[in-house]
Amino acid sequence: MGAWQSYRLRLQRKRWLIRALRKRRELRCVSDRTDRIRPSDLIVFCTARNEGVRLPWFLKYYRDMGVNHFVMVDNDSSDGSLDFLARQEDVSVWHTRASYKRARFGMDWINWLLRTYGDGHWVLVVDPDELFLYPFCDTRPLRALTDWLDASSIKSFSAMLLDMYPKGRLDAQPYTAGQDPLEIASWFDSGNYSVKRNKRFGNLWIQGGPRARVFFPDQPERAPALNKVPLVKWDRRYTYVSSTHMLLPRGLNLVYDEWGGEKASGLLLHTKFLDTFNAKAEEELSRKQHYAGSTEYIAYADGIRDNPDLWCKWSEKYINWRQLEILGLMSKGNWA
């Protein structure tokens, strides 16, 4: 990369940090327990709206993984989510009625909270419907991974988003609060993925899976990106650029090996496709707060009306992380 492009990226990073500083005025603290955060704590950062039915399992899943604290932004939920989060002893929560779209789809809020409370910590930035999976997660806590990353001088860890879905109609099995969503959404596409490199930011751009297959069959290049870098040893100078797809400084996006090797990587099991999906898609379509004029949610709403079943004869049932490693969807690299 040339000196001029590097300089422009530094300016952009500073611009996003200043923007996050301004956007902090849109947040109202409801429950601040950040004084309980210890220097070695692992912290989850998350923005949510009307995800009350998912939150009990979300919190349990990451607590069991070894997360010590949750920093949450509630974007004006009307389902009791805010009150539920405020009652949790390991959760600090902020509320806002401001536009999700004008906050760069929530990233301005998260970037400010990361700068304020994440500095020096391993942080995991995820959505309520994303379950982080990493090599040996069935036998080793998340801290074992972050300790290995520290020892290896690795500051960021990638995870491809893997869309999970049920066999049959999405609305056939009701999901209840506290239930493991993988009991219902236990199938995934084992192939059908394309990968290319983003030359400007250095990250990989991954697309495909059931969302490309079902909702964007004629224009797969418009399907949502599946590449993410959710786990980072945070520094107050860092900033997310577009969701958790990429960061600045640019080096944090180089989570793959260009010389024929294989770096360790994880997965985010994306459990969006439950019986709650149709109502969520209609709500987000009416709000028009998502990227590119909510094109993604227009496709969702249209597609679900025509075919509420994402399963196909090539679908594979999820067993464990080792199955996903064999399929080449994640890697333990040289972490043994």
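With 26 Å as the limit on Cα-Cα distance, the pairs of LYS199/LYS280; LYS101/LYS332; LYS23/LYS199; LYS101/LYS228 that go past it are LYS199/LYS280; LYS101/LYS332; LYS23/LYS199. Rounded to the nearest Hz, the phi-derived 3J(HN,Hα) couplings of region 186-193 under the Karplus curve 6.51 cos²θ - 1.76 cosθ + 1.60 (θ = phi - 60°) are 10, 10, 8, 8, 7, x, 6, 10, where x marks glycine and proline.
Residues with beta-carbon under 10 Å from that of SER331, excluding SER331: net charge, scoring Lys, Arg +1 and Asp, Glu -1? Combined, the nearby Lys, Arg, Asp and Glu give -1.
Counting only protein chains, not ligands or nucleic acids, how are SER242, SER40 ordered by accessible area (probe 1.4 Å), most first?
Values: SER242 45, SER40 70 Å².
Of SER242, SER40, the descending order of accessible area is SER40, SER242.
Straight-line cross-link reach from LYS60 at under 20 Å between alpha-carbon atoms covers these lysines, not counting any fewer than eight positions away in the same chain: LYS272.
Using a/c under 1.5 as the rounded threshold, could you call region 1-158 rounded, prolate or oblate? The axes a ≥ b ≥ c are square roots of the C-alpha gyration tensor eigenvalues, and prolate needs a/b larger than b/c, oblate otherwise. Cα axes put region 1-158 in the oblate bin. Projected over every direction and averaged, the convex hull enclosing the alpha-carbon atoms of the chain yields 16.5 nm². Here the accessible area of the chain is 49 percent carbon and sulfur, with a 1.4 angstrom probe and all protein chains present. Here the Karplus relation 6.51 cos²θ - 1.76 cosθ + 1.60, evaluated at θ = phi - 60°, turns the backbone of region 42-53 into coupling constants of 8, 10, 9, 10, 7, 10, 9, 9, 6, 10, x, 5 Hz, with x for every Gly and Pro. Protein-only accessible surface at a 1.4 angstrom probe places the residues VAL44, VAL195 in the order VAL195, VAL44, largest first. Based on C-alpha pairs under 8 angstrom that are at least 6 apart in sequence, the chain has a relative contact order of 22 percent.
Calculated accessible area for the chain comes out at 45 Å² per residue, all protein chains present (probe 1.4 Å; ligands, DNA, RNA ignored).
The phi torsions of region 93-101, fed into the Karplus equation with coefficients 6.51, -1.76 and 1.60 and a -60° offset, translate into couplings of 10, 10, 10, 8, 9, 5, 5, 4, 5 Hz, rounded to whole numbers, with Gly and Pro shown as x.
Accessible surface for PHE105 stands near 70 Å², nearest 10, in the context of the full protein assembly shown (1.4 Å probe). Normalised by the number of residues in region 134-201, the average gap of Cα pairs under 8 Å and 6 or more apart makes the relative contact order 28 percent.
Label region 74-183 by shape, choosing from rounded, prolate and oblate, from the square roots a ≥ b ≥ c of the eigenvalues of the Cα gyration tensor; if a/c is under 1.5 it is rounded, and otherwise prolate applies when a/b is larger than b/c, oblate when it is not.
Numbers: a/c = 1.78, a/b = 1.10, b/c = 1.62.
In terms of gyration-tensor shape, oblate.
If you sort the three axes of the alpha carbon gyration tensor as a ≥ b ≥ c, you get a/c of 1.5 or more for region 113-168 and a/b no higher than b/c, which makes it oblate.
The spread of Cα positions in region 26-107, taken along each principal axis and listed from longest to shortest, comes to 33, 26, 20 Å. The amide H of TRP234, built 1.01 Å from its N in the peptide plane, has GLY120, HIS121, TRP122, VAL123 as neighbours under 5 Å, considering only residues 5 or more places off or on other chains. Put simply, the amide H of LYS272, placed in the peptide plane, has neighbours under 5 Å in MET164, leaving out anything fewer than 5 places away on its chain.
Spin-label model, GLU183/LYS14: points 7 Å from Cα along the beta carbon direction are separated by 5.3 nm.
Starting from 0.36 nm per residue, how many nanometres of slack lie between ASP76 and ASN198 once their C-alpha separation is accounted for? Don't skip to the end; give the middle numbers.
Working: separation 122, 0.36 × 122 = 43.92 nm, distance 3.42 nm.
Contour length minus Cα-Cα distance gives 40.5 nm.
Compute the FRET efficiency between GLU316 and ASP235 as 1/(1 + (r/R0)^6), taking r as their Cβ-Cβ distance and R0 = 30 Å, and round to the nearest 0.05. The calculated FRET efficiency here is 0.20.
The values are calculated or read from the model by the stated rules, or taken from the named source; none is laboratory data. What you see is a predicted model, and the numbers here were worked out from it, not measured in a lab. Counting neighbours? That spans all protein chains shown, and the Cβs are built from the backbone with ideal geometry, glycine included. Accessible surface is based on the protein model in full, side chains and every heavy atom, while ligands, DNA and RNA are left aside. Shrake-Rupley method; radii C 1.70, N 1.55, O 1.52, S 1.80 Å.
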